Amino acid sequence: MHTQDNALAALRLEDKGVPIYVQLRDQFLRIMGRGLLRPGDQMPTMRQVAVALRVDLNTVRHAYEELER
């Protein structure tokens, strides 16, 4: 299975009052920490994440911007 697919499959959103972009950011950090995404691997596109989780593209963009910082 491709690393992008592994990362997408590992993402889950919870309804616990935490903003979605924060959940996404934190989950990507955990995915990287577990080695599902390594340096040099391509992240799933923002559109892939938005479609897979049925969230707004701008929410995913916000999470990715947080990861870049």
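The values are calculated or read from the model by the stated rules, or taken from the named source; none is laboratory data. None of these values were measured; they are calculated from a predicted model. As a convention, Cβ positions derive from the backbone with ideal geometry for all residues, glycine included, and neighbour counts pool all protein chains shown. Just the protein is used for accessible areas: all its heavy atoms, side chains included, with ligands, DNA and RNA removed. Shrake-Rupley method; radii C 1.70, N 1.55, O 1.52, S 1.80 Å.
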- Search result, residues across the range 43-69 that are within 12 Å of the chain's Cα centre (by Cα), farther than 11 Å from Leu11 by Cβ and part of a loop (DSSP other than H, G, I, E, B): Met43, Thr45
- Task: Report, ordered by the first and then the second residue, all pairs with beta carbons closer than 6 Å, sequence separation of six or more or different chains, a first member in the range 19-43 that is within 18 Å of Val55 (Cβ to Cβ), and a second member that is acidic (Asp, Glu) and surrounded by fewer than 18 Cβ atoms within 10 Å (Cβ to Cβ).
- Result: Arg25/Glu66
- Task: State which residue is farthest from the chain's Cα centre (by Cα) when the search covers only the range 1-35 and only residues that are of a type in the set (Asp, Glu) and not in a helix (DSSP H, G or I).
- Result: Asp15
- Note on the structure: Out of (1) at pLDDT below 95; (2) assigned to a helix (DSSP H, G or I), the one Arg38 does not meet is (2)
- Item | Any pair with Cβ under 9 angstrom, 6 or more apart, that starts in the range 51-69 at a residue that is free of Cβ contacts under 8 Å to residues at least 12 places away in the same chain and ends at one that is open to solvent by less than 40 Å² (accessible area, probe 1.4 Å) and of a type outside the set (Gly, Ala, Ser) | Leu57/Val49
